Each structure stands twice: as structure tokens, then as C-alpha cells.
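Take a look at the structure below.
The values are calculated or read from the model by the stated rules, or taken from the named source; none is laboratory data. Quick caveat, the model's predicted, so the values are computed rather than measured. Glycine also receives a Cβ, built like all others from the backbone with ideal geometry; neighbour counts cover every protein chain displayed.
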Amino acid sequence: MAENEQTPEKQLAIQKIYIKDFSFESPNTPHIFGQADWSPKTDLNLRSSHTAGSEDNHEVVLTITVEAKEDDKTVFLIELHQAGLFHVSGYSDEEFKAIVGSFCPNILFPYARETIASIISKGGFPEFVLQPINFDALYAQGMAQAKARTESDAAAGNGEGSTH
């Protein structure tokens, strides 16, 4: 490598953290508050997405949906799109995927957890704390599933004529 050719410097910086979209519904209030003995079942769904911006800026959105139900009645339903704008440059493709798939959601999660806990409390419900999420493990699991799908698709396509 020539002296003036250098590997690009790796840069990773948080530009901004913000709420992109937020919804809270509690369709059965105030009747739900009158129940003496209730223990709702809570379902949590989360996903993240990435959109490339300009000048190495990338938006990562962590979407969290929390639904609490008592029998068949919705106690509350929350959907939060916690977003961040991150400056990411100088990383390999594999490193970049890990950054937007694991590192950035790890940064966004505490903000989302606080927002969700606050709105549930303001909605008149008992304290709700989202447990920590291991985004590194989720990312690794997603990559393993994608690899297995690719290998499965390749094996299914080998030796057989396929038309598309």
C-alpha cells in the first residue's frame, strides 16, 4: 500500500435521539380500573430497521409494541418508534451490519424503556419495567437464521431445474 493510501478512519457518533412515532391506547378505561383482582397478560414485540441517510448518517428505528390484555379485553396498547440518527463511517460491511443491528438498538432501548414506563404510569396503571434486551444475541440469532435460510434455499435449488 502506498504511503498516501490509508484505511478510512472508523467513526461512530450519535447525532440525535428522538421519538419518530408513538401511540397509546387504553380502550377499556375507566371500567378496567374497577376490577379488584386483575393480572393482565403482556405481549412484547420488537424490531429494528435502518435507513441510510446522507453523508454517512443512518437512521435506526427501534419499534416496540406492548399489549396488555385481561382475558380478551385490551388493558393498554403501546407502539413506540424510538429513533436515532447515527454517523457511521469507515467500517466493513459486516461491522456496519452489527452496528445498526445491535449497537444502535442497544443505545435506543433505555430511551424507549423510560418513555413506555412513563406513559403507562400516566395512563393510570401500575409501574411497568421492560426487562433488558440482549440485542447482541438477537442480532446473532437473526444472522444465523438468515444463513440457514440461504443454505436451505441453495440446497433446494441444487440439482433441480427451477423457473422464476
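Scanning segment 91-141 for residues that are within 30 Å of ASN28 (Cα to Cα) and loosely packed, with under 12 Cβ neighbours inside 10 Å turns up SER118, LYS122, PRO126, GLU127, VAL129, GLN131, PRO132.
Only one entry of THR29, THR42 meets the criterion of being of a type in the set (S, T, N, Q), loosely packed, with under 15 Cβ neighbours inside 10 Å and not in a loop (DSSP other than H, G, I, E, B), and that entry is THR42.
In segment 82-109, the residue that is nearest to LYS147 (Cα to Cα) out of those that are of a type in the set (A, V, I, L, M) and in contact (Cβ under 8 Å) with a residue 60 or more places away in the chain is ILE99. Would you confirm whether any residue within segment 48-70 is among the small types (Gly, Ala, Ser), part of a loop (DSSP other than H, G, I, E, B) and closer than 30 Å to ASN28 by Cβ? Checked against the condition, which is being among the small types (Gly, Ala, Ser), part of a loop (DSSP other than H, G, I, E, B) and closer than 30 Å to ASN28 by Cβ, segment 48-70 yields no hits at all.
Let's see how each residue does on (1) under 30 Å from GLY34 (Cα atoms); (2) in contact with a Cys (Cβ under 9 Å, 6 or more places away or on another chain); (3) not basic (Lys, Arg):
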| site | (1), (2), (3) |
| --- | --- |
| ALA68 | yes, no, yes |
| GLN82 | no, no, yes |
| VAL88 | no, yes, yes |
| GLU95 | no, no, yes |
| ASN106 | no, no, yes |
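Checking GLU25, GLU55 one by one, the residue that is modelled with pLDDT of 90 or more, among the acidic types (Asp, Glu) and over 18 Å from the mean Cα position of the chain (by Cα) is GLU25 and no other.
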